[in-house]
Every structure is written in C-alpha cells, then in structure tokens.
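Trainee: Encoded as structure tokens, here's the structure I'll be asking about.
The values are calculated or read from the model by the stated rules, or taken from the named source; none is laboratory data. On a predicted model such as this, the values are computed, not experimentally measured, just so you know. Cβ: placed from backbone, ideal geometry, glycine included. Neighbour counts: every protein chain shown.
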Amino acid sequence: MQSELIVGEILKPQGIRGELKVRAFTDSAEDFRAFKRVYLDGEEYRVLSVRVGDGAVYLGLRGVPDRNAAELLRGKKIVVRREDAPEPEEGTYYIVDLLGSEIVTETGEKLGELADIRQAATDIYTLIAGGKEILFPAAKGVVLAVDVENKRVTVDKKRFGEVAVFPD
C-alpha cells in the first residue's frame, strides 16, 4: 500500500492572510480537521487552521503568511502520510488502494483493470479492457466484494452488463 495519500487540491488563495481554498478528495471535508501536517511538493507544512464551508476546505498553513505566498500554491496537490490519515470506515477504501485492481465477475472471469475512480453520489469506476474504457457505478448489487490485499474487485456480471457505459 502507498505510504502517502493525495487528499485535496489547492484551488486558490482565500483572503489576504494566506488562507487556502481546497477541494477535498476525501469523503468528507471534515476529515481535514484530523490532519496536523500536510505536504506540498514534498515539503512539510504544519496545519494552523481548518474551516469547512460551501463544500470546500479552508486551510491555514505555517509558512504561508499572505495572499502572495498562497497564490504560489495554486493547483498543488495536498498529500498526507497514511499514518496521519484516519482509518477508512468498514466497507470504504482509499482510492489509491483500489487503483490497478483486477475487476472480475463472480465466476472469476477477468473483465479488466481499475484505472480511475470518479467521486460522485455513487462512485464511478473506470475499467480498462482491451485498450478501451468502460465506466460503471460502484452501486450496491454491482460490486459484490473488494479485496484490497489481493487487488481484486468482484462484480455481478448481470448487473455490470446492465449499468456499464462504453464511451466512444
């Protein structure tokens, strides 16, 4: 498993005191309250303040004293060490742990490899099979089992066939 997790992206400076507006890649923006330190381009920053509102996170970081310093961080990914991140709840997983997993049916038929997960009300998985992308929701009844240790996601073949989208 990866030792670092990308948890957000800096959108823009917020105000004149160096606060950063962040798009959270976590299930809840509130998860940011657990982080004491974050990393941007490998450099450690201590978290001074966290506010949540309007679907975004607002971070104050030591070493980012004003809007000019904050502007230089626009577009950067926010990384935390796995040990600093909360453990995922039962039945939930870090995306990075699922990427590259083999997607198989309940009978063991290999469908492809999980290449991407788009967060939505129901996560949308992107499967690569024979060089083509196939999208499908990770809805109840579609995904039967997730084995993070063995990088394997089992789907119901019938339900998968009903909901899969084959973009051009």
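Trainee: If I filter region 127-138 for residues that are modelled with pLDDT under 90, small (Gly, Ala, Ser) and surrounded by 12 or more Cβ atoms within 10 Å (Cβ to Cβ), do I get at least one hit?
Mentor: No, because not a single residue in region 127-138 is modelled with pLDDT under 90, small (Gly, Ala, Ser) and surrounded by 12 or more Cβ atoms within 10 Å (Cβ to Cβ).
Trainee: List every residue pair whose Cβ atoms sit under 6 Å apart, with the two residues 6 or more apart in sequence or on different chains, where the first one lies in region 119-139 and is at positive phi and touching a residue at least 40 places away in the same chain (Cβ under 8 Å) and the second, anywhere, is surrounded by fewer than 15 Cβ atoms within 10 Å (Cβ to Cβ) and part of a loop (DSSP other than H, G, I, E, B).
Mentor: Close Cβ pairs (under 6 Å, with a partner that is surrounded by fewer than 15 Cβ atoms within 10 Å (Cβ to Cβ) and part of a loop (DSSP other than H, G, I, E, B)) do not exist here.
Trainee: Determine if region 90-105 includes at least one residue that is within 20 Å of the chain's Cα centre (by Cα) and of a type in the set (S, T, N, Q).
Mentor: For region 90-105, residues within 20 Å of the chain's Cα centre (by Cα) and of a type in the set (S, T, N, Q): present.
Trainee: Check VAL142, VAL146, VAL155, VAL163 and return the single one that is of a type outside the set (S, T, N, Q), in contact (Cβ under 8 Å) with a residue 40 or more places away in the chain and farther than 22 Å from SER28 by Cα.
Mentor: Exactly one of VAL142, VAL146, VAL155, VAL163 is of a type outside the set (S, T, N, Q), in contact (Cβ under 8 Å) with a residue 40 or more places away in the chain and farther than 22 Å from SER28 by Cα, namely VAL155.
Trainee: Within region 5-23, is there a residue that is free of Cβ contacts under 8 Å to residues at least 40 places away in the same chain, of a type outside the set (Val, Ile, Thr) and over 30 Å from LEU127 (Cα atoms)?
Mentor: Within region 5-23, one or more residues are free of Cβ contacts under 8 Å to residues at least 40 places away in the same chain, of a type outside the set (Val, Ile, Thr) and over 30 Å from LEU127 (Cα atoms).
Trainee: Same structure, new question: How many of the residues in region 30-87 are without any contact (Cβ under 8 Å) to a residue 40 or more places away in the chain, part of a loop (DSSP other than H, G, I, E, B) and either closer than 19 Å to LYS12 by Cβ or under 20 Å from the mean Cα position of the chain (by Cα) (or both)?
Mentor: Number of matching residues: 7.
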